[in-house]
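*Asks:* Supplied in structure tokens, the structure appears directly below.
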Amino acid sequence: MEPTDIPKAYDPKEWEDRLYRKWEGSGFFNPDTCIEKGVTKEDAEPFSILMPPPNVTGVLHLGHAMENSIMDVVARYHRMRGERTLFLPGADHAAVATQSRVEKNLVASGMTNPRQELGRERLLEKIRTFADESKDTIKKQVRAMGSSCDWSRFAYTFDDARVLAVNTMFKKMYDDGLIYKGYRVVNWSVKGQSTCSDDELEHIERPATLYTFRYSKDFPIPVATTRPETKLGDTAVAVHPEDPRYRDLIGRIFEIEIGAAKPLSIRIIGDEEVDPSFGTGAVGVTPAHSQTDFDIRERHPEINLVQVIGTDGKMTADAGPTYAGLTALEAREKFVAALREKGLLEKEEDITQNVGTSDRFGDVIEVVPMEQWFVAVNREIPGRDKSLKDLMREAVTSGLGGDGNRRVSIQPERFEKVYLRWIDNLRDWCISRQIWWGHRIPVWYKKPTTDNRQLTTDEEGEIEIYCGVEAPEGEGWEQDPDTLDTWFSSGLWTFSTLGWPDAETNDFKTFHPVTFMQMGYEIVFFWMARMILMTTYALDTIPFKTVYIHGILRDKDGRKFSKSLGNGIDPIDIGKEYGTDALRLALLSDVSPGNDSRFSTEKMETSRNFVNKLWNISRYVATMSTASVETPVPKSLSDRYILGRLSHIVNETAGHLSESRFSLAIETIRSFTVDDFADWYVEIHKVEKNDAVLQYVFDALLRLWHPFLPFVTEAINETRGNGGLLMVTHWPDISEDMDIDTETAFNELRLLVTKIRNLRATYRIDPIRRLTGSLAAKGIDLSESYPAVERLARIEIATSFDGSSAELIISDRLSASISLEGIIDIDAERARLAKELTEAEKYAKSLEAKLGNPSFAERAPEAVVAQTRSLLDETNAKAEELRGHLSSISS
RNA sequence: GCGCGCUUAGCUCAGUUGGUUAGAGCACCUCGUUUACACCGAGGGGGUCCAAGGUUCGAAUCCUUGAGCGCGCACCA
């Protein structure tokens, strides 16, 4: 493109789609192609990133946009560093989330009970269609974000390869006795007709009544509850074993007629967990409908379990004829009324309680006893002498087996503590769900037959059980109707995407453990923990080396984005309006690891303006210079300065990126681009015209920015006719390319720049345009020499300024003496100089005091002392200069 | 209750291992703008870094205590 054809403003719409197609068409998103085409060396270090697969429940939101920005910055950076980089995309079938979404849609369109009305197969078909559509939408959106992921390796948690991995893992754990079917209390969503894990609960506060009552008039201990109806299923009262009030009662059994199907048989038991100082010091134990009470029964197997609430949320026959069939709430009112009538109710008080609700279906969870599948986290793994919990702990502390190379590094570190604490509280993981959308449990049952290949029988010897990767042969087998918790398949993500269970594939050998993962902190337990569990168990290694935890994105008022608040922002819309680069920049600026950040249109404007600035720098470079890029020869101090600075910030940026300090990396490049390059060097170039350095530095800048701003940098690269794709050019490695004493140049020129900047501040003759304007008014025509004036005035004015006029020396051709009267307000100037002088003297004094302190000289590092000393010299010199100016101005 | 985080300019936030006179963006004020860029430029004002103690030659940074806000986990019946 000819320089004159380049539009003044960057228009992302003109570029983004086409550039993405160009990248994708080049094949360079695929690391194999990079090697084939010689962009990456065969023996290059592998670098892998896995996309946390978005749920196929609809469209991506800004949080996804932020994640994609983070991952793509990392991927592009490492690809440009010449590493064998794989950024693998995917999608998650998101079992409950997707099914509940589709059911909601079906209900909205007129169905009352989709599961009944459609049946398993037809409902699954509907969900599959929906999921496929979402998957396509997601792929489009990820492309729109500019993500450089390898689409040929796209993985879906519910495709054939992943099903194989899931079944293989299930069977392995089953054979090792780590997956078991057990009768335990579980969290049950009546609305969703399914279990959910502890982590899927959302606790909400709500008002409730705490009732204190006695089972009967002569029952010795009152108990309290917020769920009186469950008391129909009480089988014990627990007290602290040392509690003098109740100690003697332990072991006694009370038979109580209270309206349940059978009289309650309440045994008084002693349990250390009971807090004698709380309430009545006694707990009515309902093993069937409380997790803690069920645990008490594990310690006291002698007590019974009576289920009084069913999976339909209604009272069971065991609750007695008065209550059976009523909802829990109806039963509560009736039961409380009965207690009151019999004079058993001693106290009612209003309290607030926390209850668990299903995060997907929204209803309050009912705790019921059921037979479900569990992963045993405390059981010893055969042949390993350790439990899953142990492995999960080791993986982030000492490293697996004490091997530091097999240790997951969590950034920021504080999430380690959060994770470890969670592990301490971890119970066996309930993995079976009664919804239909998901991996079917690979277990089949049938009555005993003579065919007993690989068969095990359950305890009662009645039903044969077969667990296998594929259905067993033979007649009469019926598969377990349940499906797996969606996190079971997500837990395998780092290796199921790379070919496992075939551990010999190139991808697996090359890219596992994954180098870099990122995720929001809200998903650490769900996902990170499960990946660590699965990988350490099955592969005896860690799933990933580094995981970067980020916060959640909030709106400009600090609220979470949510549908109900109506404050959602579609990243694609905003990307279209401001440009995807601007969006990426806005999402990564000013954020620190692990902390929430806010999003606003102001940020978008700032970012868009910056992108446009970069575009216009390129216009200058294109219009003011015709030289092609070559190894630049620094000719002046300015050249050495800019090259030295460049090399400095290249290293600094690399440091930030290697530690995932995205915001600081951006700030580093941004300030170099604006403060050093655009404001300073470009102006210098107008005089010195060292095109080679200008080109060289600008091309380096483009490459530094590319990971963050892939579109505009690639677009500029195209207009510059550099040829090739910026995406696969090497990230700048200045210290190797350039033979420059950067340290010296840097120091010399920083002094010069500082001096000039001080001059600008001191004499307020910036912009120079104003000065030349004034000169013109005085009959000095400098229009032709403008650039020279602009630059030299900055320097020369300083040395010859006497307070009221200045001697301008413009190269060796032209010099002029001008009065500064009218340009500078002399009185104001005097006041300002005096103020500055006072400040400088004060500062000098404080530095002297510091240096005079013997402890400082003794203890501070030499570099700091030297720095302080030179600082003092500089300050003294500055003060002297100010004094001179002040006296000349006064005379 | 236990744990974690946050508190820095009017607003939103950076500040890696303690070390130049604490930074940015936005907002505000002044000046400028046919010149790569008004999606613009040059300047400026504005901060007892939540409080109090401590460690140190030196603290926004480390320690202790407290306050306010937010979050997570567990919930005591």
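The values are calculated or read from the model by the stated rules, or taken from the named source; none is laboratory data. The model shown is predicted, which means the values in this text are computed figures rather than measured ones. A quick note on method: Cβ atoms are made from the backbone with ideal geometry, for glycine too, and the neighbour counts reach across all protein chains shown.
*Asks:* Please verify whether the stretch A:550-563 includes one or more residues that are at pLDDT below 95, over 26 Å from A:Tyr419 (Cα atoms) and more than 11 Å from RNA strand B (Cβ to nearest atom).
*Replies:* yes
*Asks:* Hey, which of the helices (runs of 4 or more DSSP H) in the stretch A:639-733, taking only ones fully inside, have at least 1 residues that are touching a residue at least 12 places away in the same chain (Cβ under 8 Å) and of a type in the set (Gly, Ala, Ser)?
*Replies:* Because the criterion is at least 1 residues that are touching a residue at least 12 places away in the same chain (Cβ under 8 Å) and of a type in the set (Gly, Ala, Ser), the helices (runs of 4 or more DSSP H) in the stretch A:639-733 that meet it are A:662-671, A:691-705, A:710-719.
*Asks:* Can A:Ser618 be described as more than 29 Å from the chain's Cα centre (by Cα) and more than 10 Å from RNA strand B (Cβ to nearest atom)?
*Replies:* Taking the combined requirement at face value, the residue does not satisfy it.
*Asks:* So A:Arg619 fits all but one of (1) within 28 Å of A:Glu683 (Cβ to Cβ); (2) not in a helix (DSSP H, G or I); what number is the exception?
*Replies:* For A:Arg619, the exception is condition (2).
*Asks:* Here is a further query. From the list A:Gly343, A:Gly401, exactly one residue is in a loop (DSSP other than H, G, I, E, B) and either at pLDDT 90 or above or at positive phi (or both). Which is it?
*Replies:* A:Gly343
*Asks:* State yes or no: is A:Phe130 buried (at least 17 other Cβ atoms within 10 Å of the Cβ), among the aromatic types (Phe, Trp, Tyr) and farther than 21 Å from A:Ser496 by Cα?
*Replies:* yes
*Asks:* Given the condition within 16 Å of RNA strand B (Cβ to nearest atom), of a type in the set (D, E, K, R), touching a strand residue (DSSP E or B) at 6+ places or on another chain (Cβ under 8 Å) and at pLDDT 90 or above, answer yes or no: does some residue in the stretch A:247-265 qualify?
*Replies:* Looking through the stretch A:247-265, none of the residues is within 16 Å of RNA strand B (Cβ to nearest atom), of a type in the set (D, E, K, R), touching a strand residue (DSSP E or B) at 6+ places or on another chain (Cβ under 8 Å) and at pLDDT 90 or above.
*Asks:* Go through (1) surrounded by fewer than 21 Cβ atoms within 10 Å (Cβ to Cβ); (2) farther than 30 Å from A:Met624 by Cβ; (3) within 16 Å of RNA strand B (Cβ to nearest atom) one by one and return the number of the condition A:Ala9 breaks.
*Replies:* Here A:Ala9 meets the rest and fails (2).
*Asks:* Related question: Tell me which helices (runs of 4 or more DSSP H) are completely within the stretch A:1-107 and hold 2 or more residues being free of Cβ contacts under 8 Å to residues at least 24 places away in the same chain, or say none if there are none.
*Replies:* A:16-26, A:31-36
*Asks:* Can I ask one more? If you take just the helices (runs of 4 or more DSSP H) that sit entirely in the stretch A:826-891, which of them hold at least 3 residues that are buried (at least 17 other Cβ atoms within 10 Å of the Cβ) and modelled with pLDDT under 85?
*Replies:* Passing ranges, in order: A:826-852, A:862-890.
*Asks:* Could you please find all residues in the stretch A:495-544 being farther than 24 Å from A:Trp151 by Cα and within 16 Å of RNA strand B (Cβ to nearest atom)?
*Replies:* Of everything in the stretch A:495-544, those that are farther than 24 Å from A:Trp151 by Cα and within 16 Å of RNA strand B (Cβ to nearest atom) turn out to be A:Tyr521, A:Glu522, A:Ile523, A:Val524, A:Phe525, A:Phe526, A:Ala529, A:Arg530.
A quick yes/no check of all residues on (1) surrounded by 16 or more Cβ atoms within 10 Å (Cβ to Cβ); (2) under 44 Å from the mean Cα position of the chain (by Cα):
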{"position": "A:Leu329", "(1), (2)": "no, yes"}
{"position": "A:Glu333", "(1), (2)": "no, no"}
{"position": "A:Ala337", "(1), (2)": "no, no"}
{"position": "A:Leu344", "(1), (2)": "yes, no"}
{"position": "A:Lys347", "(1), (2)": "no, no"}
{"position": "A:Asp350", "(1), (2)": "no, yes"}
{"position": "A:Gln353", "(1), (2)": "no, yes"}
{"position": "A:Gly356", "(1), (2)": "yes, yes"}
{"position": "A:Val368", "(1), (2)": "yes, yes"}
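*Asks:* Now a separate question. Given the criterion at pLDDT below 80, of a type in the set (Asp, Glu) and touching a helix residue (DSSP H, G or I) at 6+ places or on another chain (Cβ under 7 Å), identify the matching residue among A:Glu688, A:Glu736, A:Glu714.
*Replies:* Residue meeting the stated conditions: A:Glu688.
*Asks:* Looking at the structure I just gave you, is A:Ile649 of a type outside the set (Ser, Thr, Tyr), near RNA strand B (Cβ under 10 Å from one of its atoms) and in contact with a Phe, Trp or Tyr (Cβ under 7 Å, 6 or more places away or on another chain)?
*Replies:* Spelling it out, it is not the case that A:Ile649 is of a type outside the set (Ser, Thr, Tyr), near RNA strand B (Cβ under 10 Å from one of its atoms) and in contact with a Phe, Trp or Tyr (Cβ under 7 Å, 6 or more places away or on another chain).
*Asks:* Would you mention how many residues in the stretch A:254-273 are closer than 16 Å to A:Arg299 by Cα and outside any strand (DSSP E or B)?
*Replies:* So the count comes out to 3.
*Asks:* Also: Against the condition within 13 Å of RNA strand B (Cβ to nearest atom), over 26 Å from the mean Cα position of the chain (by Cα) and surrounded by fewer than 23 Cβ atoms within 10 Å (Cβ to Cβ), how does A:Thr668 come out, does it pass?
*Replies:* no
*Asks:* Would you mind telling me which numbered condition in (1) more than 24 Å from the chain's Cα centre (by Cα); (2) surrounded by fewer than 22 Cβ atoms within 10 Å (Cβ to Cβ) A:Ala155 fails?
*Replies:* (1)
*Asks:* How many residues are among the acidic types (Asp, Glu), outside any helix (DSSP H, G or I) and either near RNA strand B (Cβ under 8 Å from one of its atoms) or crowded, with 24+ Cβ neighbours inside 10 Å (or both) if we restrict to the stretch A:224-243?
*Replies:* Number of matching residues: 1.
*Asks:* Here's another thing I want to ask about it. Go over the candidates A:Val418, A:Val377 one by one and state the one that is surrounded by fewer than 20 Cβ atoms within 10 Å (Cβ to Cβ) and touching a helix residue (DSSP H, G or I) at 6+ places or on another chain (Cβ under 6 Å).
*Replies:* One residue alone meets the criteria, A:Val377.
*Asks:* Filter the stretch A:188-205 down to residues that are more than 10 Å from RNA strand B (Cβ to nearest atom) and part of a strand (DSSP E or B) and give me whichever is nearest to the chain's Cα centre (by Cα).
*Replies:* By that ranking, first place goes to A:Cys196.
*Asks:* Tell me, please, whether a residue that is surrounded by 18 or more Cβ atoms within 10 Å (Cβ to Cβ) and within 35 Å of the chain's Cα centre (by Cα) can be found in the stretch A:685-696.
*Replies:* No, the stretch A:685-696 contains no residue that is surrounded by 18 or more Cβ atoms within 10 Å (Cβ to Cβ) and within 35 Å of the chain's Cα centre (by Cα).
*Asks:* On to the next question. Considering A:Phe544, A:Phe561, which residue is under 17 Å from the mean Cα position of the chain (by Cα) and farther than 23 Å from A:Thr137 by Cβ?
*Replies:* Sole residue among the options that is under 17 Å from the mean Cα position of the chain (by Cα) and farther than 23 Å from A:Thr137 by Cβ: A:Phe544.
*Asks:* Restrict the check to the stretch A:404-426 and report whether at least one residue is more than 16 Å from RNA strand B (Cβ to nearest atom) and either closer than 30 Å to A:Arg101 by Cβ or among the hydroxyl-bearing types (Ser, Thr, Tyr) (or both).
*Replies:* Scanning the stretch A:404-426 turns up no residue that is more than 16 Å from RNA strand B (Cβ to nearest atom) and either closer than 30 Å to A:Arg101 by Cβ or among the hydroxyl-bearing types (Ser, Thr, Tyr) (or both).
*Asks:* Do any helices (runs of 4 or more DSSP H) entirely within the stretch A:462-581 hold 3 or more residues that are aliphatic (A, V, I, L, M), and if so, which?
*Replies:* Hits in the stretch A:462-581: A:529-539.
*Asks:* Could you list, in sequence order, the residues of the stretch A:174-227 that are in contact with a strand residue (DSSP E or B) (Cβ under 8 Å, 6 or more places away or on another chain), charged (D, E, K, R) and closer than 30 Å to A:Ile381 by Cα?
*Replies:* Once the filter is applied, which keeps residues that are in contact with a strand residue (DSSP E or B) (Cβ under 8 Å, 6 or more places away or on another chain), charged (D, E, K, R) and closer than 30 Å to A:Ile381 by Cα, the stretch A:174-227 yields A:Asp175, A:Lys181, A:Arg184, A:Asp198, A:Glu200.
*Asks:* What are the residues in the stretch A:387-415 that are buried (at least 17 other Cβ atoms within 10 Å of the Cβ) and without any contact (Cβ under 8 Å) to a residue 60 or more places away in the chain, if any?
*Replies:* Across the stretch A:387-415, the qualifying residues are A:Ser387, A:Asp390, A:Arg393.
*Asks:* Taking the residues in the stretch A:274-316 that are among the aliphatic types (A, V, I, L, M) and in a strand (DSSP E or B) as candidates, determine which candidate is nearest to A:Met370 (Cα to Cα).
*Replies:* Ranking the candidates gives A:Ile309 first.
*Asks:* Also, quick follow-up: Can you tell me how many residues in the stretch A:527-552 are in contact with an Asp or Glu (Cβ under 6 Å, 6 or more places away or on another chain) and touching a residue at least 60 places away in the same chain (Cβ under 8 Å)?
*Replies:* Number satisfying all stated conditions: 1.
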